[in-house]
1. Which of the residues spanning region 59-80 are assigned to a loop (DSSP other than H, G, I, E, B) and either touching a Cys at 6+ places or on another chain (Cβ under 6 Å) or surrounded by 14 or more Cβ atoms within 10 Å (Cβ to Cβ) (or both)?
2. Answer with yes or no whether G83 is within 16 Å of D35 (Cα to Cα), in contact with a helix residue (DSSP H, G or I) (Cβ under 8 Å, 6 or more places away or on another chain) and surrounded by 12 or more Cβ atoms within 10 Å (Cβ to Cβ).
3. Run down L91, L56 and say which single residue is within 24 Å of E117 (Cα to Cα) and either among the aliphatic types (A, V, I, L, M) or not in a helix (DSSP H, G or I) (or both).
4. Considering region 94-112 alone, what residues qualify as being surrounded by fewer than 20 Cβ atoms within 10 Å (Cβ to Cβ) and not in a strand (DSSP E or B)?
5. With respect to Y4, is the statement that it is of a type outside the set (V, I, T), touching a strand residue (DSSP E or B) at 6+ places or on another chain (Cβ under 6 Å), in a strand (DSSP E or B) and within 17 Å of N73 (Cα to Cα) true?
Amino acid sequence: MGKYQNSIDAKGRMIVPSKYREELGCRCILTKGIDKCLYIYPMTQWEKFMTKLATLPTSDPNARAYVRHFYANAVECDIDKQGRMGIPQELREYANIEKELVTVGILDKIEIWSKAEWKEAEADMELTPNDFAAKMAEYGI
């Protein structure tokens, strides 16, 4: 959990916030997210996610597209001794990451957002307190 602001260096590397490094270890999976962001999965969580994806019906074109979205764009990443991780150019372009970024801990993964995309997403998520409470009730929370 948590939100951190960061930047990417000239070599396309980001510093993984120290709070996340212990869970990630020295290797993780980076892939396209859903909302114009990237997802970082610890290896154990990625394996669990892949097991779930394997249960989707291959006869369903939407299920196949979903699997392709995550799996075809996934890369194994090493985290170096300085806590840096490279982000391939194709993934940076997908998430519109140029320099400044935001990392957000979400349940079993970490999201990486360009700062501009994050601000836009936050504005879109903005609910009044009553709307927020109504959504929580709708979801049974």
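1. N73, A74, I79
2. Working: within 16 Å of D35 (Cα to Cα): no; in contact with a helix residue (DSSP H, G or I) (Cβ under 8 Å, 6 or more places away or on another chain): yes; surrounded by 12 or more Cβ atoms within 10 Å (Cβ to Cβ): yes.
Answer is no for this residue.
3. Values: L56 fails: within 24 Å of E117 (Cα to Cα).
Within the list L91, L56, the selection yields L91.
4. Of everything in region 94-112, those that are surrounded by fewer than 20 Cβ atoms within 10 Å (Cβ to Cβ) and not in a strand (DSSP E or B) turn out to be Y94, N96, E98, K99, L107, D108.
5. Numbers: of a type outside the set (V, I, T): yes; touching a strand residue (DSSP E or B) at 6+ places or on another chain (Cβ under 6 Å): yes; in a strand (DSSP E or B): yes; within 17 Å of N73 (Cα to Cα): no.
Answer is no for this residue.
None of the figures in this text is laboratory data; all of them are computed from the coordinates on show. None of the values given here were measured: they were computed from a predicted structure. When we count neighbours, we look across all protein chains shown, and the Cβ atoms used for this are built from the backbone with ideal geometry, even at glycine.
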